[in-house]
Amino acid sequence: MRLIDQDGKNIGVVSLHDALIRAEQAELDLVEVAPNADPPVARIMNFGKFLYEKERKEREARKAQTKIEIKEIRLRPKTTDHHKSFKVRDARRWLLDGMKVRVTIRFRGREITYPEIALEDLREIAEELADVSIVEQAPRLEGRSMFMMLAPGK
């Protein structure tokens, strides 16, 4: 097996027995880092410290990730244009802040028999927000509500 010592120097190809003796003399662990290589690569290191460093790097990477928040605006087919403009203004602000927006139109009673009204409303909203967003999920009917997902534009 190819052996790398604790300082990162390549010692060369040695037997497993020699590698274990060198690790024991250094009072460290022998860790196989590339088992599929030809010959396999092993390293002399403090395995506990290695695991700690790896976990710390993963934690830092998770902190750096951005969490995408989904905001929702709810409307009805009979929502007035004035009220709709308030909702669209909120959606625009959220999209500019980098959040996704879910636009939901809920049907009550017999309103469900006219889904084309809701579809037209969703299209109008998508056109109004076209400069700051892209339609991530096209309008679709699910139960008694129709929804569409907007994502911030690039």
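Residue order for Met146, Met99, fewest other beta carbons within 10 angstrom first, comes to Met99, Met146.
Partner lysines whose Cα lies under 27 Å from the Cα of Lys100, excluding those fewer than 8 positions away in the same chain, are identified as Lys63, Lys67, Lys71, Lys78, Lys84, Lys87, Lys154. As a rough guide to protection, the peptides 123-131, 54-62 ranked by mean Cβ packing within 10 Å, highest first, stand as 123-131, 54-62. Basic side chains Lys and Arg get +1 at the Cβ, acidic Asp and Glu get -1 at the Cβ, and with that the dipole of the chain about its Cα centre reaches some 980 debye.
From its DSSP helices (H runs of at least four residues, each -39,500 (n - 2.57)), the chain gives a residue-normalised ellipticity at 222 nm of -12000 deg cm²/dmol. Each of Ile68, Ile105, Ile73, Ile11 was scored by other Cβ atoms within 10 Å of its Cβ. Arranged with the fewest first, they read Ile68, Ile11, Ile73, Ile105. The stretch between Ala130 and Leu16 holds 34.7 nm of extra length on full extension. This uses 0.36 nm per residue minus the Cα-Cα distance. Using only Cα atoms, find the angle between the long axis of helix 81-96 and the longest principal axis of the chain, and express it within 0 to 90 degrees, rounded to the nearest 10. So the inclination is approximately 10 degrees.
For the range 82-98, the residues whose amide N sits under 20 Å from a probe point set 7 Å from the Cα of Ile68 along the beta carbon direction are 91-98. FRET efficiency for the pair Ser145 and Tyr52, taken as 1/(1 + (r/R0)^6) with r the Cβ-Cβ distance and R0 = 30 Å, rounds to 0.05. Take every DSSP beta bridge whose two residues both sit in the chain; close to 70 percent of them are antiparallel. Once C-alpha pairs closer than 8 Å and six or more residues apart are averaged by separation and normalised to the residue number of the range 57-128, the relative contact order reads 39 percent.
Just so you know, the Cα atoms of the range 2-62 work out to an Rg and Dmax of 12.8, 40 Å. Over the chain, the hull volume per residue, using the convex hull of the C-alpha atoms, is 185 Å³. Rounded to the nearest 10 degrees, the inclination of helix 115-128 to the longest alpha-carbon principal axis of the chain is 60 degrees.
No lab work stands behind these numbers, since they all come straight from the coordinates. A quick note: this is a predicted structure, and the numbers were derived from the prediction, not measured. Cβ atoms come from the backbone with ideal geometry, glycine included; neighbour counts cover every protein chain shown.
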